[in-house]
Number of protein chains: 2
Amino acid sequence: MLKYQLIANDIEKYIVTHELQQGDKLPVLETLMSQFAVSKSTIIKSLDLLERKGIVYQVRGSGIFVRRHRRKGYISLLSNQGFKKDLEEFQLASEVLMLDTIKPSEEAALNLNIEQEEDVFYLKRIRYINGQTLCLEESYYRKTIIPYLNTEIAADSVFKFISEALGLKVGFSDMYLQVGKLNKTEAAHLGLKQDDPALRVETVFHLTNGQPFDFSKITYNYMQSQFFIQANNYYG
Amino acid sequence: MLKYQLIANDIEKYIVTHELQQGDKLPVLETLMSQFAVSKSTIIKSLDLLERKGIVYQVRGSGIFVRRHRRKGYISLLSNQGFKKDLEEFQLASEVLMLDTIKPSEEAALNLNIEQEEDVFYLKRIRYINGQTLCLEESYYRKTIIPYLNTEIAADSVFKFISEALGLKVGFSDMYLQVGKLNKTEAAHLGLKQDDPALRVETVFHLTNGQPFDFSKITYNYMQSQFFIQANNYYG
DNA sequence: GAGTGGTCTAGACCACGAA
DNA sequence: TCGTGGTCTAGACCACTCC
């Protein structure tokens, strides 16, 4: 692991274990430099990483401060799948409804940027949070990239398997959100009523080399859907 | 403006004007270095910025590639308010329902991290997109930070005013999303029916120095709510 | 003006991808 | 093996904040 990542992890742990709150000041750059015995650029790189993760903010001429939102019970939309693992505060479980090798739908092929002849894994499952239905999920994984899957993996975490067992790295994703009404079968799966509100999220996941490998369509139970996004303004 | 920002802008313009598509390769680092006559670190910093903005992705040992999603008609959730200005593809307008100086509600004071005695601007408006109702918005601005507002500004863009006229810089924001059902008055404002689906987004906006200055509550018309988020995986 | 974060450089060396 | 992007350094200089 790289120096700046290790340092970032150390600082993050420090913030968590010392229960620092929003606005608390971290040591100045020079202190951090000598403490970790690295150059200024490296420390700055660590802090930039933490800034992108939404853990600190840096103010020129003033200092480095902790960023920490106060609300509990919100799921981070960007840490939801693949990214991050701090969902430990929630009890997550999955029920696999179907796992099969198929030819993708036109929609899935389009989003994965592949031919309809190429084999994909189709996975359909219900995910539970704290004993309640959280969402209904349909995913399409390219078999050329993820050659193996089984229901045990699908019931646990496909992304964990992809990164730990296959050694693949998730790079970026495009997410499309829409709000609508549940149809009859969705409602039945989620334990809700037809025409109840539904949050639908379609995501195309890419590896670090830019290859799309997973297209997923999720319909969330609106009763359990409290999401959180930390945004940074890079556009100034 | 800084070198790395200027270079980033140049590269972004190049991508747009040459209509480069997802996966198209940019010149190699060395070429860019000599072309812009700067050091390697500066070019890398420019490209990192473009990566965070979701415009390129970099693959070690391979090259720098354009990132561009294909779907049209989606509003970027992170460029929505304050951030970015590429909503030009949409026709936006606002109708101001109320603009007044008040003492904040307990909820607003809590989110802005101020006392309930402190004066705030309360702004309520309906926003339209391509002639349709997009959302109903309630915002609370700290008067100590934004001392002046009028209905002309509110009908145009408060964030534009804040940055251009007041010279303030927006740093980061915390967004909370929830899905629910419209109540009667919301439905009336949006031209929908009671109990129709609603996407509610609460956002706390901070200046670059960490001060919260705006708390806003938005209820979106589900018929017009197609959102897009570009995510990067910093958690690997 | 002192303190603090940010930019920029030149160059050595490292790590990954593709052929 | 070579091309290419990434890390890391030491140090000069700049820009903002706060007293």
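The values are calculated or read from the model by the stated rules, or taken from the named source; none is laboratory data. Note that the structure is predicted; figures quoted are calculated from it, not measured. For neighbour counting, all protein chains shown are included, and Cβ atoms are generated from backbone atoms with ideal geometry for every residue, glycine included. Calculation scope for accessible area: heavy atoms of the full protein, side chains included, ligands and nucleic acids excluded. Shrake-Rupley method; radii C 1.70, N 1.55, O 1.52, S 1.80 Å.
Some points to look at:
- Net charge dipole size for chain B [Lys, Arg +1 and Asp, Glu -1 on Cβ; Debye, nearest 20]: 920
- Each other residue within a Cβ distance under 10 Å of A:MET98 adds +1 if Lys or Arg and -1 if Asp or Glu, for a net charge of 0.
- A simple spin-label model places the labels of A:ASN183 and B:GLU30 5.6 nm from each other, with each point 7 Å out along Cα-to-Cβ.
- Distance distribution P(r), the protein assembly as shown, all Cα-Cα pairs, bin width 10 angstrom from 0: 4, 18, 28, 29, 17, 4, 0 percent.
- At a probe radius of 1.4 angstrom, the accessible area of chain A per residue rounds to 48 square angstrom.
- Using a 7 Å Cα-to-Cβ projection, A:ASN113 label spacings across copies, nm, ascending: 4.0
- B:HIS206 contributes an accessible area of around 10 Å² to the protein surface, as traced by a 1.4 Å probe with all chains present.
- Protection proxy ranking for A:172-185, B:105-118, using the average of other Cβ atoms within 10 Å per residue and placing the highest first: A:172-185, B:105-118.
- 10 Å Cβ neighbours from other chains, averaged over peptide A:166-178: 6
- Taking max minus min of the alpha-carbon positions on each principal axis, chain B gives extents of 59, 38, 36 Å, largest first.
- Hits among aspartates and glutamates - C-alpha to C-alpha of A:LYS160 under 15 Å, sequence gap 8 or more where chains match: A:ASP86, A:GLU88, A:GLU152, A:ASP214
- Fraction of accessible area attributable to carbon and sulfur, the protein assembly as shown (%, probe 1.4 Å): 48
- Peptides A:37-44, B:45-52, ordered by how many other C-beta atoms sit within 10 Å of their residues on average, highest first, read B:45-52, A:37-44.
- Average partner coverage of B:179-186, which counts Cβ from other chains inside 10 Å: 3
- Selection from B:GLN91, B:HIS18, B:SER79 lying farthest towards where the dipole of the protein assembly as shown points positive, charges on Cβ: B:HIS18
- Each copy carries A:ARG70; placing its label point 7 Å along the C-beta direction from Cα gives inter-copy distances of 4.5 nm, listed from smallest up.
- Among the residues of A:203-214, the average count of other protein chain beta-carbon atoms within 10 Å of the residue beta-carbon is 3.
- Top of B:LEU168, B:LEU136, B:LEU29 by mean-square fluctuation, Gaussian network on chain B, Cα under 10 Å: B:LEU29
- Dipole in debye (nearest 20) - the protein assembly as shown, about Cα centre, beta carbon charges: Lys, Arg +1; Asp, Glu -1: 740
- Nonlocal Lys pairs with alpha-carbon distance under 27 Å, segment B:13-115 (8 or more apart, or different chains): 22
- Between B:VAL56, B:ASN232, B:ALA154, the Cα set farthest toward the positive side of the dipole of chain B (charges on each charged residue's Cβ, about the Cα centre) is that of B:VAL56.
- Fraction of alpha-carbon pairs over 16 Å apart in segment B:3-66 - percent: 37
- Using just its DSSP H runs of length 4 or more, each adding -39500 (n - 2.57), the protein assembly as shown gives a mean residue ellipticity at 222 nm of -7500 deg cm²/dmol after division by all residues.
- Inter-label distance for B:LEU166 and B:TYR235, nm, one decimal - labels placed 7 Å from Cα along Cα-to-Cβ: 3.4
- FRET efficiency, 1/(1 + (r/R0)^6) with R0 45 Å, evaluated for A:THR101 and A:GLN21 via beta carbons: 0.35
- Inter-copy label distances for A:ASP24: 4.8 nm (label point placed 7 Å from Cα along Cα→Cβ; shortest first).
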